[in-house]
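I have placed the structure first, in the form of structure tokens, so that the comments after it can refer back to it.
The values are calculated or read from the model by the stated rules, or taken from the named source; none is laboratory data. Because the structure is a prediction, the values reported are computed rather than measured. With ideal geometry, Cβ positions are generated from the backbone for all residues, glycine too; neighbour counts draw on all protein chains shown.
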Amino acid sequence: MTKVRRSDRLIDMTRYLLERPHTLVPLTYFSKRYESAKSSISEDLGIIRRTFMQRQTGILETVPGAAGGVRYIPTIGRNEASDFIADMAHRLSETDRLLPGGYVYLSDLLGTPEVLRQIGRLIATQFANQQVDAVMTVATKGIPIAQSVSQYLNAPFVIVRRDSKITEGSTVSVNYVSGSSARIEKMELSKRSLQAGSGVLIVDDFMKAGGTVNGMRSLIEEFDANLVGISVFAEGKFAGDRMVNDYTSLIRVDDVDTKTNTLHAVPGNYLDYNQAMFKGMDA
């Protein structure tokens, strides 16, 4: 590539970093790419770093040494996170969202690219400083969330299924108790999906009693992997004891009226759970 002007270089460097989160990029790569001195590249990165911080786009981390470089870590600011969660709670409270059986219709939101991008940023921000080797979800509605989170964490996502797929090869299966119906269910995951000792983040679209999430936690143990955390888009009101306790939710459905076919949603525990994290970002 021929030598380019600084303005063009800044745009291209920013695009390159945004498309490769959590990836260490050597300064020599940028130096050769733009035929520019490392000192000029360092100045450019300083501009990008400052802009990212001001706009709360993320952190541009510098790794010193011969094998060092820069790494972009996506984050979201407290105000943007709060506004998005409030908007989602408002949209979930719209009429005709409650389905027969007390289920909540989420497909329109989880099929919207901008909504998925923000969900991915929110969850990825919480786990940005932890070792996440895989993002796990259960088919099918959790898949777009897992894909978005995995993109921002630069980690693969794995899909747990309730029925066998010949394309998955050999699988590991566990039986779990469905918390809402108290039935024994089965879920399975391809043996090739996880390595022993890997850090796994569980994400899902909706949680009530936590039976499905608890089943995924059991699967992680079967692979001798480690649970990093649990995060769901929405949680429903549940009168009994949930099967999981340490989790974050963006939205909480706290009132369901099947007679009028209405529900009321409020922000979940995400913002309160991550108070210290946001305080550190604001400092």
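Kindly indicate which of Arg161, Arg192 is touching a residue at least 12 places away in the same chain (Cβ under 8 Å) and surrounded by fewer than 13 Cβ atoms within 10 Å (Cβ to Cβ). Just a single option satisfies the conditions, and that option is Arg192. Residue count for segment 178-189, restricted to those that are loosely packed, with under 15 Cβ neighbours inside 10 Å and assigned to a strand (DSSP E or B): 3. Restricting attention to segment 257-272, the residues that are surrounded by 15 or more Cβ atoms within 10 Å (Cβ to Cβ) and either in a loop (DSSP other than H, G, I, E, B) or more than 26 Å from the chain's Cα centre (by Cα) (or both) total 2. Taking the conditions exactly as written (modelled with pLDDT of 95 or more and assigned to a strand (DSSP E or B)), does Asp224 satisfy them or not? So Asp224 does not fit the description; no. Of the residues examined, Asp272 is not one that is at pLDDT below 95 and in the same structural domain as Lys186 (by TED's automatic domain parsing).
Summed over segment 104-136, the residues that are under 30 Å from Thr262 (Cβ atoms), under 11 Å from the mean Cα position of the chain (by Cα) and not charged (D, E, K, R) give a count of 6.
Taking Gly197, is it assigned to a strand (DSSP E or B), of a type in the set (Gly, Ala, Ser) and surrounded by fewer than 20 Cβ atoms within 10 Å (Cβ to Cβ)? Give the steps one after another, and end with the answer.
Working: assigned to a strand (DSSP E or B): no; of a type in the set (Gly, Ala, Ser): yes; surrounded by fewer than 20 Cβ atoms within 10 Å (Cβ to Cβ): yes.
The answer is no for Gly197.
Here Asp204 clears all of (1) farther than 15 Å from Val132 by Cα; (2) assigned to a loop (DSSP other than H, G, I, E, B); (3) touching a residue at least 60 places away in the same chain (Cβ under 8 Å) except the condition numbered (2). Taking segment 127-144 as the search range and keeping residues that are of a type outside the set (A, V, I, L, M) and surrounded by 13 or more Cβ atoms within 10 Å (Cβ to Cβ), which one is nearest to Ser164 (Cα to Cα)? Once the filter is applied, the top-ranked residue is Thr137.
Among the residues here, Asp108 qualifies as acidic (Asp, Glu) and within 15 Å of Asp205 (Cα to Cα).
For segment 240-282, the candidate set comprises residues that are β-branched (Val, Ile, Thr) and either touching a residue at least 12 places away in the same chain (Cβ under 8 Å) or touching a helix residue (DSSP H, G or I) at 6+ places or on another chain (Cβ under 6 Å) (or both); within that set, the residue that is nearest to Phe127 (Cα to Cα) is Thr248.
Only one residue in Ile41, Ile59 is surrounded by 13 or more Cβ atoms within 10 Å (Cβ to Cβ), under 30 Å from Gly268 (Cα atoms), outside the structural domain of Leu116 (by TED's automatic domain parsing) and β-branched (Val, Ile, Thr), so which one is that?
On the way: Ile41 fails: under 30 Å from Gly268 (Cα atoms).
That would be Ile59, the only listed residue that is surrounded by 13 or more Cβ atoms within 10 Å (Cβ to Cβ), under 30 Å from Gly268 (Cα atoms), outside the structural domain of Leu116 (by TED's automatic domain parsing) and β-branched (Val, Ile, Thr).
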